[in-house]
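S.K.: My structure is below; once you've seen it, I'll send some questions.
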Amino acid sequence: MTEHASDTATIDPIKRAVHAYREAFGEMPTRVAFAPGRANLIGDHTDYCEGFVLPIALSIGCACAVGSAEAASLEVVAADFNESTRLEVDGPIEPDDLNDQPGWARYAIGTFETASRAMRPASRGARMAIASSVPLGSGLSSSAALEVSVAMALKGLWDASIDGVDLARACQAAENNYAGMPCGLLDQLASVFGATDHAVRIDCRTMDIERAELPNRDVAEFVLIDSDVRHSHTTSAYAERRASCEGAAASLGVRSLRDVDTSDERIGSLPSDQRDAVLHVTSENDRVLRFIDALAAGDLKAAGERMVESHRSLSETYRVSCDEIDVLAELVNASDDVFGARMTGGGFGGWLVALIRPGSGERLMERVAPAYAERVGRNATLRHIVPSDGARLVESWS
Ligand code: GLA
């Protein structure tokens, strides 16, 4: 993997991680890795049902600088918080060992532990410094970027061979077991397998991962629009939705909602949360495939319609949106410059992803931002998407 750091959003965290490493440890790191955040174009809350997803890796991301330590200790510096932590790593680290650690450290140390179990280094002592350009808790996968950058840097440090899916799984295990978030594999896979100028089509059952073409930039572009809402309690709501999916699959006697036959008459007599889960997941899987076909055929109108339907399903059926995001989606989707817009990621706030006419973003926001401010009292902002490569070791950083 070679360096591809043409954007400030990519270079900046790399520089800051290296600087923090030098300041803290008085030497240069041995390895530096960068892992991107992601935006999911369509296919949300399908990954943990073995369904389809279509993310793009972004140019923003997290950098991790690492080196070995002689003692069996792990020292971690978080440049963004100006904080650091240290712990002994001569034995396995259990989730309860991290109870007194700050939030960011659970992700970093948890990933150190799960990566170490997956890669089995000869000696575990390590030092690391982390810096990120992904806004925290906004739904662009700041946590997956952190985990994947740590795992990728350790892979380099330990000279380990591990394939991308297993590396992503180690990162997911860290988030599930050490940070307490029962996420699927979408974010980590997107951060590992992103590709410049492409989206990534992932079958979360077979782990078939393919590049998907995006429209030419003179025909249409994808942008992100921030709702300026960061909701708390998302972990418990996420866990509830996941439980509804698993409950529905068990009631219908299938391995996951991927296998549901939508004509099965028993769906109608499921508890309402399980019925809604079936409706959302089966229709969303279908939409992902139709969306990919529409993009491939250059049918932007059809692609936009699938995005609008996806938002409606996430909001009205699966109930993982919030009032502010719904208002923003309504305002954005009302514009002639927009083919379609939908919430992206876990929900309950965060960003919309929109497919718009090329170069129309600023004009769109001139109309949308004041109307949004008037209706919800918040500031909507636009970010252009630069579809970028997945995680990599950086070749030079001085
Ligand atoms: C969060 C989770 C992912 C995925 C999305 C919804 O980002 O981390 O695993 O479930 O929500 O698609």
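S.K.: What single numbered condition from (1) within 16 Å of the ligand (Cβ to nearest atom); (2) out of contact with any helix residue (DSSP H, G or I) (no Cβ under 6 Å at 6 or more places or on another chain); (3) farther than 30 Å from E366 by Cα; (4) touching a residue at least 40 places away in the same chain (Cβ under 8 Å) fails to hold for A296?
M.R.: Failed condition: (1).
S.K.: To continue, here is another question. Regarding V134, is this residue touching a Ser or Thr at 6+ places or on another chain (Cβ under 7 Å), at negative phi, crowded, with 19+ Cβ neighbours inside 10 Å and assigned to a loop (DSSP other than H, G, I, E, B)?
M.R.: On the way: touching a Ser or Thr at 6+ places or on another chain (Cβ under 7 Å): yes; at negative phi: yes; crowded, with 19+ Cβ neighbours inside 10 Å: yes; assigned to a loop (DSSP other than H, G, I, E, B): yes.
Answer is yes for this residue.
S.K.: Please specify each residue of the range 14-57 satisfying the condition of being in contact with a Leu (Cβ under 9 Å, 6 or more places away or on another chain) and aliphatic (A, V, I, L, M).
M.R.: If the condition is that a residue be in contact with a Leu (Cβ under 9 Å, 6 or more places away or on another chain) and aliphatic (A, V, I, L, M), then V32, A33, A35, A39, L41, I42, V53, L54, I56 are the ones that fit.
S.K.: Now, a different point. Where the second residue is surrounded by fewer than 22 Cβ atoms within 10 Å (Cβ to Cβ) and assigned to a helix (DSSP H, G or I) and the first is free of Cβ contacts under 8 Å to residues at least 40 places away in the same chain and assigned by TED's automatic domain parsing to the domain that holds R319 and lies in the range 270-282, which pairs have Cβ atoms under 7 Å and are six or more apart or on separate chains?
M.R.: Correct list of pairs: L270/S251; Q274/G247; Q274/S251; R275/I267; V278/I267; L279/T317.
S.K.: Checking the condition closer than 27 Å to R211 by Cβ, of a type in the set (F, W, Y), in contact with a strand residue (DSSP E or B) (Cβ under 9 Å, 6 or more places away or on another chain) and in contact (Cβ under 8 Å) with a residue 24 or more places away in the chain, which residue from W397, W351 passes? Spell out how you get there, then give the answer.
M.R.: Numbers: W397 fails: closer than 27 Å to R211 by Cβ.
Going through W397, W351 in turn, just one is closer than 27 Å to R211 by Cβ, of a type in the set (F, W, Y), in contact with a strand residue (DSSP E or B) (Cβ under 9 Å, 6 or more places away or on another chain) and in contact (Cβ under 8 Å) with a residue 24 or more places away in the chain: W351.
S.K.: Inspect the range 158-165 for any residue being away from the ligand (no atom under 12 Å from the Cβ), buried (at least 16 other Cβ atoms within 10 Å of the Cβ) and within 24 Å of M343 (Cβ to Cβ) and give the result as yes or no.
M.R.: Within the range 158-165, none of the residues are away from the ligand (no atom under 12 Å from the Cβ), buried (at least 16 other Cβ atoms within 10 Å of the Cβ) and within 24 Å of M343 (Cβ to Cβ).
S.K.: Among strands (runs of 3 or more DSSP E) lying entirely in the range 145-232, which contain 3 or more residues that are in contact with a Gly (Cβ under 9 Å, 6 or more places away or on another chain) and of a type outside the set (A, V, I, L, M, F, W, C)?
M.R.: Working: elements: 198-203, 208-213, 221-230.
Filter on the range 145-232 gives 221-230.
S.K.: Still on this structure, I have one more. Residues that are more than 16 Å from the ligand (Cβ to nearest atom), among the aromatic types (F, W, Y), touching a strand residue (DSSP E or B) at 6+ places or on another chain (Cβ under 7 Å) and not assigned by TED's automatic domain parsing to the domain that holds M307: does the range 75-90 have at least one?
M.R.: So in the range 75-90, the residues more than 16 Å from the ligand (Cβ to nearest atom) come out as 75-90.
Filter once more, keeping what is among the aromatic types (F, W, Y): 81.
Restricting the remaining residues to those that are touching a strand residue (DSSP E or B) at 6+ places or on another chain (Cβ under 7 Å) gives none.
Checked the range 75-90: no residue is more than 16 Å from the ligand (Cβ to nearest atom), among the aromatic types (F, W, Y), touching a strand residue (DSSP E or B) at 6+ places or on another chain (Cβ under 7 Å) and not assigned by TED's automatic domain parsing to the domain that holds M307.
S.K.: When you check I325 against the structure, is it among the β-branched types (V, I, T) and touching a His at 6+ places or on another chain (Cβ under 9 Å), yes or no?
M.R.: yes
S.K.: I'm told D259 meets every condition in (1) exposed (fewer than 15 other Cβ atoms within 10 Å of the Cβ); (2) under 23 Å from the mean Cα position of the chain (by Cα); (3) under 18 Å from Y48 (Cβ atoms) except one. Can you identify the failing condition by its number?
M.R.: Checking D259 against (1) exposed (fewer than 15 other Cβ atoms within 10 Å of the Cβ); (2) under 23 Å from the mean Cα position of the chain (by Cα); (3) under 18 Å from Y48 (Cβ atoms), the one that fails is (2).
The values are calculated or read from the model by the stated rules, or taken from the named source; none is laboratory data. What you see is a predicted model; the values in this text were computed from it and never measured. Ideal geometry is used to build each Cβ from the backbone, glycine not excepted, and the neighbour counts take in all protein chains shown.
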